[in-house]
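The values are calculated or read from the model by the stated rules, or taken from the named source; none is laboratory data. These numbers were taken from a predicted model, which means no experiment stands behind them. Heads up, the Cβs are rebuilt from the backbone with ideal geometry, glycines too, and the neighbour counts pull from every protein chain shown.
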Amino acid sequence: MERIMCKSKLHRATVTQAELFYEGSVTIDADLLDAADIVPYEKIQVVNINNGSRFESYAIEGRRRSGTICINGAAARMAAVGDEIIIISYANYNEEELKSFKPTLIMMDKGNKIKDIKHTNEIIEV
């Protein structure tokens, strides 16, 4: 059996552009893609913290060190410039791989710079 797990996420990234008349996808600064181990055209989920919307798309590479997070195509109606979002990538893992599984969690600041990187699967006490 395989389980679908959160492989990585960019947490609280800020939308810098929304381009309705583009063929789709989310443009992400190449440095952020590298940090989150997301490759161009990989399927991603985007969660908008400001309005609660969720959608799936794929990542495309943006200019390095630009901080670009651009929502393209029809999804541009689901996020406005300045909205905070979470970008999540998933992968399938078998039971053996899960023994050493640790997702990569990238914590972002308002300027889309990396504040912290965590590699953990710790249980959070509530």
With criteria (1) surrounded by fewer than 21 Cβ atoms within 10 Å (Cβ to Cβ); (2) touching a residue at least 24 places away in the same chain (Cβ under 8 Å), residue 96 comes up short on (2)
query = In this structure, does residue 81 turn out to be β-branched (Val, Ile, Thr), over 21 Å from residue 103 (Cβ atoms) and in contact (Cβ under 8 Å) with a residue 24 or more places away in the chain?
reply = yes
>> When you scan the range 72-82, do you find a residue that is under 12 Å from the mean Cα position of the chain (by Cα), modelled with pLDDT of 95 or more and either over 18 Å from residue 109 (Cα atoms) or among the hydrophobic types (A, V, I, L, M, F, W, C) (or both), even just one?
In response: no
Reported set for the range 111-126 where residues are in a loop (DSSP other than H, G, I, E, B) and at pLDDT 95 or above is 111, 112, 113
